[in-house]
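Chemist: Next up is a structure, given as structure tokens.
The values are calculated or read from the model by the stated rules, or taken from the named source; none is laboratory data. Quick caveat, the model's predicted, so the values are computed rather than measured. Note: ideal-geometry Cβ built from the backbone for every residue, glycine included; neighbour counts use all protein chains shown. What goes into the accessible areas is simple: the full protein's heavy atoms, side chains included, and nothing from ligands, DNA or RNA. Shrake-Rupley method; radii C 1.70, N 1.55, O 1.52, S 1.80 Å.
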Amino acid sequence: MSTLVTGGAGFIGSHLVEELLSQGRSVVVLDDLSTGKVENLPESENLTFIKGSITDRELLRNLFDSYRFDTVFHLAAVASVFKSVEEPVETHRVNFDGTLYLLEESKRTKVGKFVFSSSAAVYGDLPELPKREDMPVKPLTPYGVDKYASERYVVNSFSLYGLKATALRFFNVYGERQDPSSPYSGVISIFINRTLKHLKGEKTTIDVYGDGKQTRDFVYVKDVVKALLIAERDERTNGEVFNVGTGKETSLLELIKTLKEIAGEVPPVRFLPPREGDIRRSAADVSKLEKLGYSPSFSLKKGLERTFRWFAETLS
Ligand code: NAD
Ligand code: UD1
């Protein structure tokens with residue numbers, strides 16, 4: 001039996017792969033390397049890497065015929081909300097059609113469990129906080145709409161076809177290997193990157209869009225991996241959707257303060273006009289997943305320390 005991780009060469013996927021391998025499991029990664037990197041993956045004889053797209057139906061058919069997958073962790077996606085706005089057709093092919101193709105193959109070959117990575121983006125800008133899974137949704141971008149539609153297909157696969165399937169709504173994930181290189185990269189990776197440049201003597205700034213009082217629920221990637229494994233194992237997750245965050249709301253100003261405590265100093269902060277469509281506040285109610293044993297182990301300080309250390313070692 002093998003476990004399939006789509007998008008396994010990406011940021012979150014590579015942490016999941018690392019954990020699965022450490023448990024002695026046999027892992028197959030399917031990734032087209034559009035944003036992922038082979039270097040993100042550990043060397044292991046239990047790991048098979050296949051370069052290809054989840055939109056290639058023939059490849060998927062052969063893959064699912066060649067292996068018997070106990071679990072499919074589906075993380076492959078065009079993860080950039082910005083790109084989904086610029087290129088909605090191509091994004092939809094990957095983020096929606098790709099999910100449907102994987103569900104079809106999982107159903108056909110009787111995969112034991114299907115775990116899908118959805119996003120807090122499904123909630124959009126509705127004001128009520130913290131977000132509970134049974135609250136209304138209002139996805140505002142092609143990315144959010146495709147995540148929501150995929151999520152419904154995923155959980156309905158349980159009631160319609162008996163495929164054990166779960167969707168997890170990740171909030172703002174951060175950690176080692178997150179790519180800081182685009183202006184739309186996760187804010188923590190960008191701020192750490194700028195801080196390291198500053199410490200090396202380069203002239204740079206931390207750019208805050210708006211007043212810095214906007215909040216996010218920042219969740220460390222290792223806690224996300226724990227949630228993925230609970231979703232895989234616990235039968236009570238079948239046909240259900242769960243938030244994955246910490247339940248804590250942190251403003252960007254608090255984030256910068258914590259980063260300063262860790263790094264000693266940060267570059268000058270420059271306040272720029274707010275980003276269009278930016279959500280003001282975000283926080284997850286994680287009690288539904290907590291009832292199944294989930295408990296985030298990393299405070300922002302602890303997760304940020306580890307992430308900062310990794311970036312410092314890697315970028316030096
Ligand atoms: P990432 O870009 O690092 O990982 C996505 C991976 O999918 C990459 O390795 C990429 O090469 C691969 N991929 C893209 N298109 C593909 C295709 N057509 N076929 C095969 N592989 C393909 O992003 P990430 O942050 O690790 O995101 C992982 C998942 O979590 C995504 O589904 C994303 O939407 C979701 N998510 C992430 C966050 C976050 O804060 N990072 C928040 C909510 C949801
Ligand atoms: C994030 C995710 C998105 C997900 C959504 C769900 C990333 C990259 N994006 O979007 O996939 O669907 O959560 O809620 O993880 N900011 C700055 N300066 C910067 C960069 C960002 O001030 O240099 C601000 C942004 O304007 C925003 C906040 O920081 O207010 C967080 O931004 P970002 O990390 O891009 O995440 P989200 O927009 O929340």
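Chemist: Going by accessible area, probe 1.4 Å, with all protein chains left in place, what is the ranking of 291, 147, largest first? Could the numbers behind the result be given before it?
Modeler: Working: 291 155, 147 10 Å².
Sorted descending by solvent-accessible area, the residues read 291, 147.
Chemist: Whenever you get a sec, compute what percent of the accessible area on the stretch 1-95 sits on carbon and sulfur atoms (1.4 Å probe). Before the final figure, lay out the partial values.
Modeler: Working: 2140 of 4560 Å².
Reported share for carbon and sulfur atoms: 47 percent.
Chemist: Angle between the Cα long axis of helix 11-22 and the longest principal axis of the chain, 0 to 90 degrees, nearest 10?
Modeler: Value to nearest ten degrees: 60.
Chemist: So what is the accessible area of the stretch 10-64 per residue, in Å², with the probe set to 1.4 Å? Please list the in-between numbers first.
Modeler: Details: 2740 Å² over 55 residues.
I get 50 Å² per residue for the stretch 10-64.
Chemist: What whole-number value in Å² describes the accessible area per residue of the stretch 122-224 for a 1.4 Å probe? Could you put the intermediate results ahead of the total?
Modeler: Numbers: 4300 Å² over 103 residues.
For the stretch 122-224, the per-residue accessible area is 42 Å².
Chemist: Related question: Say a paramagnetic label sat at a point 7 Å from the Cα of residue 33, along Cα to Cβ; which residues of the stretch 48-71 have their backbone N under 18 Å from it?
Modeler: From the stretch 48-71, the list is 48-56.
Chemist: Quick check: pseudo-label points 7 Å beyond the Cα along Cα→Cβ at residue 310 and residue 55, how many nm apart are they?
Modeler: 2.9 nm
Chemist: Now, a different point. If one computes the Cα centroid of the stretch 172-196 and of the stretch 1-65, what distance in Å separates the two points?
Modeler: 23 Å
Chemist: Another one. Give me the accessible area of residue 99, 1.4 Å probe, in Å² rounded to the nearest 10.
Modeler: 0 Å²
Chemist: Using just the alpha carbons, could you tell me how many Å³ per residue the convex hull of the chain encloses? Intermediate results must be reported in sequence, preceding the final value.
Modeler: Working: hull volume 38.9 nm³, N = 316.
It comes to 123 Å³ per residue, whole-number rounded.
Chemist: Still on this structure: Stick to the Cα atoms of the stretch 52-161, pair each with every other, and give me the Kirkwood hydrodynamic radius in Å at one decimal.
Modeler: Numbers: mean 1/r = 0.0680 Å⁻¹.
So the Kirkwood estimate lands at 14.7 Å.
Chemist: Would you list which aspartates and glutamates come within 17 Å of residue 257, measuring only between C-alpha atoms, while excluding same-chain residues fewer than 8 positions from it?
Modeler: Result set, ordered by chain and number: 207, 211, 217, 249, 265, 305.
Chemist: Also, quick follow-up: Over the chain, what relative contact order in percent results from Cα pairs under 8 Å that are six or more residues apart?
Modeler: Working: 610 pairs, mean separation 52.6, N = 316.
Reported relative contact order: 17 percent.
Chemist: Which pairs break 18 Å Cα to Cα here: 213/248; 83/222; 197/222; 222/302?
Modeler: Working: 213/248 14 Å; 83/222 26 Å; 197/222 26 Å; 222/302 12 Å.
Correct reply: 83/222; 197/222.
Chemist: Additional query: So how tilted is helix 252-263 from the main axis of the chain? Cα-based, degrees 0 to 90, rounded to 10.
Modeler: Relative to the chain, helix 252-263 is tipped by roughly 80 degrees.
Chemist: Cα convex hull of the stretch 73-121: how many Å³ per residue? Can you show the working numbers first?
Modeler: Values: hull volume 3.1 nm³, N = 49.
So the per-residue Cα hull volume is 63 Å³.
Chemist: Considering only protein heavy atoms and a probe of 1.4 Å, how much of the accessible area of the stretch 185-316 is carbon and sulfur, as a whole percent? Spell out each step's value before the answer.
Modeler: On the way: 3200 of 6370 Å².
Exposed carbon and sulfur together represent 50 percent of the surface.
Chemist: Output the 0 to 90 degree angle, nearest 10, between the alpha-carbon long axis of helix 300-315 and the longest principal axis computed from the alpha carbons of the chain.
Modeler: Value to nearest ten degrees: 90.
Chemist: Using every pair of alpha-carbon atoms in the stretch 1-58, split the distances into 10 Å bins beginning at 0 and state the percent of pairs per bin, rounded to integers.
Modeler: All Cα pairs, binned at 10 Å, distribute as 27, 58, 15, 0 percent.
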